[in-house]
Amino acid sequence: MTPLERFIGVAPGPLGIGLSIAFVIVVGIIDHLTGPGVSLAPFYLMPVVLATWTGGRAWGLGLAGMAALATRLADPVDGYSVLVHSWNAIVWFVVLAAVVWLVDALEATVFNQRRRLARETEVAEDLRYQNDMKNTLLHAVSHDLKGPLAGVLGAMQTIRRAEKLHLTDKEMEDLYGVIEQAGAKAARLVEDLLDLDRLDRGQIEPQREPTDVESIADRLAAELPTLAGHPVRVDGARMLVSVDATMTERIVENLLNNAARHTPPGTPIHVEVAGGPRGVVLVVEDEGPGVPDDIKATIFEPFQQGENARGGVGIGLSLVGRFAELHGGSAHVEDRDGGGARFVVRLPGDVVTTPSAAPADLQAV
């Protein structure tokens with residue numbers, strides 16, 4: 001509310017116009033009762049200003065006309081004074097019309113200043129957000145790249161000294177494996193960042209094809225190095241669902257990596273793939289500390305992580321949510337019965353159920 005609105009005691013709207021009309025009528029009656037000796041004409045300024053500010057120039061001119069008419073009707077009619085009082089009413093209308101023009105110009109200026117201030121505030125907030133995101137990104141990426149780079153450099157330095165250290169073929173193979181895993185981790189981080197940028201630019205669309213989601217979950221549960229020491233169980237009937245296979249694989253991978261990062265070693269992880277007439281529901285549960293209530297609503301936003309995260313830059317779950325939305329689906333997290341987190345992703349698509357395979361066994365990978 002502006003200082004003028006605080007002064008007149010009413011916000012813009014029909015109430016202000018109604019009070020203005022009532023004020024003119026009351027002042028007109030009092031002006032008539034006091035007789036010709038006392039003029040209350042200046043008191044008409046307030047309702048005219050109020051009507052102009054709350055309703056615009058048209059209402060202001062209307063109230064100015066009412067006020068001028070009230071000043072004319074308040075004076076007695078006695079032949080000679082008719083012309084004088086009529087002329088006074090016309091003069092008052094001109095004066096009040098000038099006031100209306102000034103107040104309307106002031107209101108337009110204030111409105112433009114408000115709009116400009118709102119735009120500047122929005123731009124400032126956007127710049128502040130982008131700066132915070134940049135700082136968060138630089139900190140997270142630099143922190144998460146240290147591990148892979150340190151692994152590669154350490155392995156390469158050891159390989160250079162292989163002859164002096166008399167390394168066996170098995171030890172050399174292990175060093176090559178360290179380099180490969182570190183390179184894959186760094187490449188995936190860069191790929192996640194690029195995908196996040198492409199999503200923001202609207203450059204990614206799902207390429208639907210019949211996909212066995214349960215088979216993807218089985219393979220990733222056995223292959224992902226981040227799941228080392230975590231018993232993983234995959235349940236669900238084998239079925240073909242019309243979804244983007246690459247995006248679905250990334251969704252499963254990011255959910256499994258997220259569960260591994262936020263739970264202590266040895267914590268079981270359960271994956272369930274359920275089909276329906278309109279798509280597939282993917283559920284990943286863990287028995288860790290769970291997700292705090294205060295971040296459940298923002299956990300699928302970029303660079304958001306829980307307190308117990310070990311590594312990662314907070315991009316994986318944002319990609320899960322965005323990929324699900326591209327399919328016309330959704331992703332959310334809830335508390336698991338018995339403790340832990342339960343991530344639920346819905347991917348709409350045509351489902352063709354295939355013959356059931358043998359149940360997946362509990363496996364530690």
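The values are calculated or read from the model by the stated rules, or taken from the named source; none is laboratory data. For clarity, every value in this text was computed on a predicted model and none was experimentally measured. Heads up, the Cβs are rebuilt from the backbone with ideal geometry, glycines too, and the neighbour counts pull from every protein chain shown. Side chains are part of the model used for accessible areas, which takes the heavy atoms of the whole protein and leaves out ligands, DNA and RNA. Shrake-Rupley method; radii C 1.70, N 1.55, O 1.52, S 1.80 Å.
If you check Val38 against the conditions, is it exposed (fewer than 14 other Cβ atoms within 10 Å of the Cβ), modelled with pLDDT under 70 and assigned to a helix (DSSP H, G or I)? No; evaluated as a whole, the condition is false for this residue.
Suppose the filter is open to solvent by less than 20 Å² (accessible area, probe 1.4 Å) and either touching a Ser or Thr at 6+ places or on another chain (Cβ under 9 Å) or in contact (Cβ under 8 Å) with a residue 12 or more places away in the chain (or both); does Thr263 pass it? Yes, satisfied.
Residues are listed down the side, and each one gets a yes or a no for (1) more than 20 Å from Asn257 (Cα to Cα); (2) basic (Lys, Arg); (3) modelled with pLDDT of 90 or more:
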site	(1), (2), (3)
Ala140	no, no, no
Thr168	yes, no, no
Gly183	no, no, no
Thr211	yes, no, yes
Pro225	no, no, no
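Criterion applied to Gln203, Gln157 was being in a helix (DSSP H, G or I) and among the polar types (S, T, N, Q), and the one residue passing it is Gln157.
Here's the yes/no breakdown for (1) in a helix (DSSP H, G or I); (2) open to solvent by less than 70 Å² (accessible area, probe 1.4 Å); (3) at pLDDT 80 or above:
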{"site": "Thr71", "(1), (2), (3)": "yes, yes, no"}
{"site": "Leu83", "(1), (2), (3)": "yes, no, no"}
{"site": "Ser86", "(1), (2), (3)": "yes, yes, no"}
{"site": "Leu102", "(1), (2), (3)": "yes, no, yes"}
{"site": "Leu117", "(1), (2), (3)": "yes, no, yes"}
{"site": "Thr121", "(1), (2), (3)": "yes, yes, yes"}
